[in-house]
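Below is one structure, written out as structure tokens, with a few remarks after it.
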Amino acid sequence: MTGCSIQLVEVAQGSNMSLASFCNKVKKIRESYHAADMDSNSGKIWSTTTAFPYKLFSNTKFNINIFTDNSTKGLHFIPCANYLVKDLIAEILHFCTNDQLFPRDHLLSICGHEEFLQNDHYLGSHRIFQKNKSVLQLHLQKKRDTPGTLSRKHEDDHSQFYLNQLLEFMHIWKVSRQCLSTVIQKYDSDLKYFLKTQQNVDNVIEEVKNICSVLGCVETKQITDAVNELSLILQRKPKNLHQNSDTSAKGLIEKVTTELSTSICQLIDIHCSSFCADFQPLHAPLCSVSCVNLGLHSHLSFTVYAAHNIPETWVHSYKAFSFSCWLTYAGKKLCQVRNCRNIPVKKLFFSLVNWNETINFPLEIKSLPRESMLTIKLFGITYATNADLLAWTCFPLFPKHRSILGSMLFSMTLQSEPPMEMIAPGVWDVSQPSPVTLQIDFPATEWEYMKLDSEENGSDLEEPPKECLKHIARLSQKQTPILLSEEKRRYLWFYRFYCNNENCSLPLVLGSAPGWDERTVAEMHTVLRRWKFSHPLEALGLLTSSFPDQEIRNVAVRQLDNLLNDELLEYLPQLVQAVKFEWNLESPLVQLLLHRSLQSVQIAHRLYWLLKDAQNEAYFKSWYQKLLAALQFCAGKALRDEFSKEQKLIKILGDIGEKVKTASDPQRQDVLKKELGRLEEFFWCTKTCHLPLNPALCIQGIDGDACSYFTSNALPLKITFINANPMGKNISVIFKAGDDLRQDMLVLQIIQVMDNIWLQEGLDMQMIIYRCLSTGKGQGLVQMVPDAVTLAKIHRHFGPIGPLKENTIKKWFSQHNPLKADYEKVLRNFFYSCAGWCVVTFILGVCDRHNDNIMLTKSGHMFHIDFGKFLGHAQTFGGIKRDRAPFIFTSEMEYFITEGGKNPQHFQDFVELCCRAYNIVRRHSQLLLNLLEMMLHAGLPELSGIQDLKYVYNNLRPQDTDLEATSHFTKKIKESLECFPVKLNNLIHTLAQMTAISPAKSTSQTFSQESCMPGASRSIQRATVLGFSKKTSHLYLIQVTHSNNETSLTEKSFDQFAKLHSQLQKQFASLTLPEFPHWWHLPFTDSDHKRFRDLNHYMEQILNGSYEVANSDCVLSFFLSEPVEQAVKESSAVDLEYQLIPKKKHTIKDTSCQSFETSSC
């Protein structure tokens, strides 16, 4: 090479071999699913299913209304739970038409949802049938009329996957390539001029500096030596040497400039090999670093050359710098830390710390575990000789099963150091340039990791002593190896070949291994090969941070591959966390996630939002970014565009929430109303968008009048979306900003798992488990449960001491359910749901429980909300825990269950139900503990250590017999029932809320928002317009019938009715109010007569509709204020200036559906 011949070529797949390999793997996965394959690419959202719960649905029939495109009148069917969906379709077609139609050409969707039942599954296998006990509304559609809008298209099959083009820093690389090309051209020009004239060498050296600057301010030893030698030759250049002589100055200059260009080309090559870039040198020269060759028994050795580009602030703050390094495996150090000498900063082109120090570890390379990590920390030595940690980096010793070869650059991060157990390849992306870069020279000989063949020991085992097997079974109750002591681990490992899926679990056995040396790892692989899994979920415990071994993790993934898509969907949060501890992004776990996302829109959608949220964690951001880019590539353009719309929707909601929060109290409502225009503009542009909270719901706009905000600390928004499905109702959600919803997501997920366990065991605990989705750092969406009110609101309804009364809940349910049949159903729903929530909140240690985060529905369902405190992390006041009861079960709940003490046996039945539910869950302790353990490194504030797992373990008590557990939980029920501080806490919350909502002033004509709260005990049976005045004021005479059958009269104008309706709309934005008879709905003639009929209808709907509305203060004060009874007594009907209206009988139209009952079950 003479002079300069540096050329760059663009590399679309990226210069980093690991990332290029990942891109190729992703492309192959996507290519295995063709767009034309409708089985994997339907583009539809299928209703999730489970194994058929035989114990729950042994003799169950469902009530279903079927609607078709040809008829708006529903067909009523009562099929058995074990009826296949396709068989139901066949029966529907039989009733609908005489034509020959095939069930396989039709689908049943859930009315109001973009969600379809799965034809080859039982009705009872669908979760919606397991949870929804009302009459289900289904829509029969032809397949050809329901195109999958989210399916991949033919063009997607031929698209290329270039990671560089999907990641957010692609623009940086493009700029870097352009800058580098520019400075290389300038270097080439200046070098040619210098070789021709032997002048302006400073320009050449300046361009060399510029090249190094573009490449992260890295200056290798070869560049430094070449620049120094060039300067030295020019300083001592003889004047009278023949130019053609080999020893002439010109020859020396050409030789040195060639070496300089070669060293620049080497730096570019090292940079492109080390970091992610979209270019590389056309001809990569051989590395000239002096490295030692590796022999079979060579010890680990490498040279730390320098830390480049030391910031000026560090240069002035520290007198010297040092580094330390060590090897780790599975969160444990493999040997002692190696420390280097302290040296000051050297100033060359840039500031660097040039140790050039060789590090030797007393470990043979062949004895190191394949998943060994090297961690290096950079310290600044102050003038007081203190060492401050400035930066760190870590990377695998054997990426791609081979040792690192030659010189490499590693970016160092300035963020805080992670816990040692989180040290994994993805914790910090060393392939992205950072302000400080570490240069390490590894041996030039590549060493390939060779797995030691294990010997099949234990094939001829003697029968173990019974006492030994009993002890193994007792140890197995610990469920997870991190709860075992060292002594118990040694015992379990010693008898490892006596362990099997009947007396132990594989994670316990492998987690008890004494170390990770090659001989022990070989023994672990032997146990692994011999093991027979009882269920695929047993393998979840092998994907925790305790098991970095790739062979173990591969076996775990092969087991999980046996799960159906709907089963896998349930455990996605844990699998996303498990990706952190994979060795590379081509791992079987990553492949499994991508394969399943190509098969299921549900999985792709859930995975997208989990990955988006995971990018906000302190570590592994780049790891998740790359996986998200792969997911978006596999999803295809249609689903990718949908993700983009949903992300934009969340961004707008976040901006609106921030503006509402920063506005002053009086301006907040106006700010919200103004900002909602952005949502309307969004839907005007996008037409429709799927709801991030539930992809089966498609929305096309907002109901601005129904949108509001809550007055709690975080000021969450209540947004009501318009359903894009014409058969669906509007959808209300809560958008929270400022609250970390990841913990709520986890608690609700674990509760859902428990509920699924109960359902499979034939126990329906009537659990309402709302949806919750974290969409970013401190923000997310929460599903609003219709017609649900807080227990605090019910307490306020019965006055200031409502929480201390025994009969509050019973009276509230009685008021809403006057019919005996309805009341008995409500009692049953409360009986089961209360028991279920007692069990789940006890096991998970849910704290901060009071009447503002316990909710009730009129149908009797009780459920909890807000899970910011769990695992026993109770708030304290003056050193005393606020949550002193094991769970919330109060005397007023017992009073309702026993019907005021009339049926004491009901309480005993309640205790037995709780204990039965508790024992059923306990049998699945391993699954619950595994799910929690896999989330230990998710950055959740209250799930971060072994003590948190121990808390749940102690509550589950897997070592107890059912009888012992029953006794234990019975004591907890008694303890909760007798805990008076719970009532006191409720009273404090109730009084605080009543103080907050008390109106400052009120008039009969103006209704403040606060006044529209439930009153103390008043209620109205009905109100009827008797007549209207002949005066111009048009007052209506209204007869009001009270709950005690007493009557009173009042008069109101039409404008007053209109003001009442307007106020109700603001206060009860989440409820559907009856339509108000506005003036534009009336004809110009005889409008008064029509108005009185419309007003009567309106009042009937108000008073017979929502209890909360009918008994609000604004409704009660409207009808009960300013009575005119005295005027009626003193005047006759003839003298009154009212035109009385004759009564008219009403007819109710029968809208019942035709009914058919299927003949077979």
(request) Taking residue 720 as the residue in question, decide whether it is outside any helix (DSSP H, G or I) and either more than 25 Å from the chain's Cα centre (by Cα) or in the same structural domain as residue 569 (by TED's automatic domain parsing) (or both). (result) no
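Checking the conditions here, which among 547, 581, 620 is surrounded by 20 or more Cβ atoms within 10 Å (Cβ to Cβ) and touching a Gly at 6+ places or on another chain (Cβ under 6 Å)? So that I can check it myself, show each step before the final result.
Details: 547 fails: touching a Gly at 6+ places or on another chain (Cβ under 6 Å); 581 fails: touching a Gly at 6+ places or on another chain (Cβ under 6 Å).
None of the others qualify; the one that does is 620.
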(request) Mind listing whichever residues of the range 841-891 are at pLDDT below 85 and either in contact with a His (Cβ under 6 Å, 6 or more places away or on another chain) or on the phi > 0 side of the Ramachandran plot (or both)? (result) 878, 879
(message) Could you go through the range 819-841 and let me know if any residue there is small (Gly, Ala, Ser), crowded, with 17+ Cβ neighbours inside 10 Å and within 25 Å of the chain's Cα centre (by Cα).
(response) yes
(message) Tell me whether the range 899-920 contains one or more residues that are β-branched (Val, Ile, Thr), in the same structural domain as residue 982 (by TED's automatic domain parsing) and assigned to a helix (DSSP H, G or I).
(response) yes
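Please specify each residue of the range 213-225 satisfying the condition of being assigned to a helix (DSSP H, G or I), surrounded by fewer than 23 Cβ atoms within 10 Å (Cβ to Cβ) and not small (Gly, Ala, Ser). Break it down stepwise before answering.
Step one: filter the range 213-225 for residues assigned to a helix (DSSP H, G or I), giving 213-214, 221-225.
Checking which are surrounded by fewer than 23 Cβ atoms within 10 Å (Cβ to Cβ) leaves us with 213-214, 221-222, 224-225.
Once the filter is applied, which keeps residues that are assigned to a helix (DSSP H, G or I), surrounded by fewer than 23 Cβ atoms within 10 Å (Cβ to Cβ) and not small (Gly, Ala, Ser), the range 213-225 yields 214, 221, 222, 224, 225.
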(message) So the check is Cβ under 8 Å with 6+ separation or different chains; which pairs have a first residue in the range 549-562 that's touching a residue at least 12 places away in the same chain (Cβ under 8 Å) and a second one that's of a type in the set (D, E, K, R)?
(response) 549/370; 549/371; 550/370; 550/371; 551/451; 553/582; 559/538
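Out of the residues in the range 754-787 that are within 18 Å of residue 865 (Cα to Cα) and in contact with an Asp or Glu (Cβ under 7 Å, 6 or more places away or on another chain), which is surrounded by the fewest Cβ atoms within 10 Å (Cβ to Cβ)? Steps first, answer last, please.
First pass over the range 754-787, keeping only residues within 18 Å of residue 865 (Cα to Cα): 754-755, 765-774, 778-787.
Imposing the further condition that a residue be in contact with an Asp or Glu (Cβ under 7 Å, 6 or more places away or on another chain) reduces the set to 765, 767, 769, 772, 774, 778.
Values: 765: 22, 767: 21, 769: 19, 772: 23, 774: 25, 778: 16.
Here the answer is 778.
Just wondering, is there one or more residues in the range 743-763 that are under 26 Å from residue 572 (Cβ atoms), among the charged types (D, E, K, R), in contact with a Leu (Cβ under 6 Å, 6 or more places away or on another chain) and outside the structural domain of residue 928 (by TED's automatic domain parsing)? Break it down into steps so the answer makes sense when it comes.
Filtering the range 743-763 down to residues under 26 Å from residue 572 (Cβ atoms) leaves 743-761, 763.
Now drop any that are not among the charged types (D, E, K, R), which leaves 744, 755, 761.
Those left that are additionally in contact with a Leu (Cβ under 6 Å, 6 or more places away or on another chain): none.
Taking every residue of the range 743-763 in turn, none turns out to be under 26 Å from residue 572 (Cβ atoms), among the charged types (D, E, K, R), in contact with a Leu (Cβ under 6 Å, 6 or more places away or on another chain) and outside the structural domain of residue 928 (by TED's automatic domain parsing).
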(request) Inspect the range 41-57 for any residue being among the charged types (D, E, K, R) and either closer than 22 Å to residue 148 by Cβ or part of a helix (DSSP H, G or I) (or both) and give the result as yes or no. (result) yes
(request) Determine the pairs where a residue that is exposed (fewer than 14 other Cβ atoms within 10 Å of the Cβ), located within the range 677-700, has a partner that is among the polar types (S, T, N, Q) with Cβ atoms under 8 Å apart, the partner being 6 or more residues away or on another chain. (result) 687/700
(message) Can you find, within the range 190-212, the residue that is surrounded by the fewest Cβ atoms within 10 Å (Cβ to Cβ) among those that are part of a loop (DSSP other than H, G, I, E, B) and out of contact with any Asp or Glu (no Cβ under 8 Å at 6 or more places or on another chain)?
(response) 199
(request) For the range 292-321, name all the residues that are surrounded by fewer than 18 Cβ atoms within 10 Å (Cβ to Cβ) and modelled with pLDDT under 90. (result) 292, 293, 295, 296, 297, 298, 299
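Do the conditions hold for residue 538, that is, is it in a helix (DSSP H, G or I) and not β-branched (Val, Ile, Thr)? If you could, list the steps in order and put the result at the bottom.
Details: in a helix (DSSP H, G or I): yes; not β-branched (Val, Ile, Thr): yes.
So residue 538 fits the description; yes.
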(request) Filter the range 503-520 down to the residues that are modelled with pLDDT under 90 and part of a helix (DSSP H, G or I), then identify the one that is surrounded by the most Cβ atoms within 10 Å (Cβ to Cβ). (result) 518
(request) Take residue 425 and decide whether it is in a loop (DSSP other than H, G, I, E, B), surrounded by fewer than 21 Cβ atoms within 10 Å (Cβ to Cβ), on the phi < 0 side of the Ramachandran plot and modelled with pLDDT of 90 or more. (result) no
(message) If I ask for residues that are touching a helix residue (DSSP H, G or I) at 6+ places or on another chain (Cβ under 7 Å) and at pLDDT 90 or above, which ones from the range 166-189 would you list?
(response) 183, 184, 186, 187
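The values are calculated or read from the model by the stated rules, or taken from the named source; none is laboratory data. Being a predicted model, the structure only gives us computed values, none of them experimental. With ideal geometry, Cβ positions are generated from the backbone for all residues, glycine too; neighbour counts draw on all protein chains shown.
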